[in-house]
Amino acid sequence: MSVRKLLRHNDERFRGIARGFGQDDWSRPSLCDRWTNHQVLAHVVVGLSASPQSIAAAMIRHRGSFDGANAAMATALAAKCSPAELLDEFERLSREPRGVGRYFPSRLFLGDHVTHELDIVFALDREPNISEEALVFVLNTQVSVPNPFVPAYRNSRGLRLRATDVGWRHGDRGPAVEGGAAELVSVLGSRVQELPRLRGDGVAVLESRLSHPTRTGG
C-alpha cells in the first residue's frame, strides 16, 4: 500500500475510534507534555491547515520559539472548537490539506498522526489498534529520517531495537531495547511514560536521552 493510502486509511480508522470518546476522555492529560487530549487533536488539525504566515506571526509573538508558537496555536484552536468540530475539520483536511499541510511529506504526517494517537490512547489506558503495516512504516521512518520536530532519529542511535509483536528489528550492535511496536513509536518520540513497558539493557540509555529532550510538545 502506498504511504498516501496508508495515511488515509489510518486517519479514517482513528476518526472512527475518536468519535466514540466522551468529554472526560478529551479533557484528560495526554502523553504530550502539558497538553490535554483535546489540545493534541487540535495540534493535528493545525498541522494540516496552518498557513506559513500564521506560523511566522505566532513565532514572533513567542520570541522565535517554534515550540511556543506550536503550543499556542493548538491551545487557541482547542479553546475555539469542540472535539467533534475538530474531528469534522480533520476529516475535511485529510482529503484536502491547506497551508503547510499541502507540502509536508505523507510519511512524516503518518508518523505524526500515529504518535499523537498514541498520546491520546495510552493516556486513556487503552490499547491501540493501529495496523502492523502503519506501525512498521512509522518505525522505519523514525530510525532513518531525521525530523526537526520529533527526536526519534537521535533517540534510536546506537541501539538494537526489536518490536516483539510485529517482527521488526533495527540495528545490529549496541544495547538492546525491545517491546511492542506502538510503545517503541511512543518512546522514540520522547514519551517517557511508556518506558516501563520496554525491556533490555538499552532502556537506561533511552531514559537518559529522554531526560534531555531537544524539543517539546510536537
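The values are calculated or read from the model by the stated rules, or taken from the named source; none is laboratory data. Remember, it's a predicted structure, so these values are computed and weren't measured experimentally. No Cβ is skipped: glycine too gets one built from the backbone with ideal geometry, and neighbour counts run over all protein chains shown.
Numerical summary
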item	result
Restricting segment 127-141 to residues that are of a type in the set (A, V, I, L, M, F, W, C) and crowded, with 18+ Cβ neighbours inside 10 Å, the residue that is nearest to the chain's Cα centre (by Cα)	Val138
Filtered residue count, segment 108-126, keeping only those that are within 20 Å of Trp26 (Cα to Cα), crowded, with 19+ Cβ neighbours inside 10 Å and among the aliphatic types (A, V, I, L, M)	5
Search result, residues across segment 69-107 that are in a helix (DSSP H, G or I), at pLDDT below 90, farther than 20 Å from Ser27 by Cβ and of a type outside the set (S, T, N, Q)	Ala69, Gly99, Val100, Gly101, Arg102
All positions within segment 200-218 that are at negative phi, in a loop (DSSP other than H, G, I, E, B) and at pLDDT below 95	Ser211, His212, Pro213, Thr214, Arg215, Thr216, Gly218
From the options Ala42, Ala18, residue that is touching a residue at least 40 places away in the same chain (Cβ under 8 Å), more than 20 Å from Val185 (Cβ to Cβ), of a type in the set (Gly, Ala, Ser) and surrounded by 15 or more Cβ atoms within 10 Å (Cβ to Cβ)	Ala42
Segment 16-65, residues that are of a type in the set (Phe, Trp, Tyr) and not in a loop (DSSP other than H, G, I, E, B)	Trp26
The lone exception for Val166 - which of (1) over 13 Å from Gly189 (Cα atoms); (2) assigned by TED's automatic domain parsing to the domain that holds Asn70; (3) of a type in the set (A, V, I, L, M) it fails	(2)
Selected residue (criterion: modelled with the lowest pLDDT) from residues of segment 161-178 that are in a loop (DSSP other than H, G, I, E, B) and either aromatic (Phe, Trp, Tyr) or in contact with a Lys or Arg (Cβ under 6 Å, 6 or more places away or on another chain) (or both)	Gly171
Residue within segment 49-68 that is touching a residue at least 40 places away in the same chain (Cβ under 8 Å) and under 28 Å from Val136 (Cβ atoms) present	no
Filtered residue count, segment 136-160, keeping only those that are basic (Lys, Arg) and either in a loop (DSSP other than H, G, I, E, B) or modelled with pLDDT of 95 or more (or both)	2
